[in-house]
Amino acid sequence: MTKFYDNAFRPLGLRATQLSVLLAVAFSRAVSIASLSRMLGMDRSTLTRNLRPLEEKGLVALGPEGHHRSRTLSITSKGDQLVRKAVPLWEKTQQKLREQLRKPHWTNFHAELDHLINSAETL
């Protein structure tokens, strides 16, 4: 699945996991790395690996250390512009996947993903 989305986002210079992170930062406006990690269900080291290229490309900005040594992430105008390009591409890709999987498979796929997420949260 990741490869399917990675191929779709390649023209934007993003991987699917990076787009997820970028969208979460965009919707949060300003969020700590710890909060973002919890929100995405991603451990901090994986999140940091995904943030590094986004920061290097100027898509997110990492603020100075604040309270409890936490740093706040925010989306830059460049990142916001990329999100505006990526969302329609995501919608198109999602529709293509939905058509390929057809109704019963799409429903089962979502049910299985929900089960997997819930199982992972209880571990």
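Any residue at all in the stretch 60-75 that is at positive phi and at pLDDT 75 or above? Even if it seems obvious, please write down each step before you answer.
Taking the stretch 60-75 as the starting set, the residues that turn out to be at positive phi are 68-69.
Okay, now just the ones that are also at pLDDT 75 or above, so none.
For the stretch 60-75, residues at positive phi and at pLDDT 75 or above: absent.
Of the residues in the stretch 52-61, at least one is of a type in the set (Asp, Glu), surrounded by 13 or more Cβ atoms within 10 Å (Cβ to Cβ) and over 26 Å from Leu113 (Cβ atoms).
Close contacts from the stretch 55-70, counting a first residue that is more than 15 Å from Arg29 (Cα to Cα) and a second that is at pLDDT 80 or above and of a type in the set (D, E, K, R), with Cβ to Cβ under 6 Å and a gap of 6+ residues or different chains, come to Gly58/Lys78. The set of residues from the stretch 75-94 being hydroxyl-bearing (Ser, Thr, Tyr) and surrounded by 12 or more Cβ atoms within 10 Å (Cβ to Cβ) comprises Thr76, Thr93. Among the residues of the stretch 29-38, those identified as in contact (Cβ under 8 Å) with a residue 12 or more places away in the chain, surrounded by 15 or more Cβ atoms within 10 Å (Cβ to Cβ) and part of a helix (DSSP H, G or I) are Ile33, Leu36. Restricting the search to the stretch 13-35, which residues are modelled with pLDDT of 90 or more and among the aliphatic types (A, V, I, L, M)? Correct list: Leu14, Ala16, Leu19, Val21, Leu22, Leu23, Ala24, Val25, Ala26.
The values are calculated or read from the model by the stated rules, or taken from the named source; none is laboratory data. This structure is a prediction, so every number in the text was calculated from the model and none was measured. For neighbour counting, all protein chains shown are included, and Cβ atoms are generated from backbone atoms with ideal geometry for every residue, glycine included.
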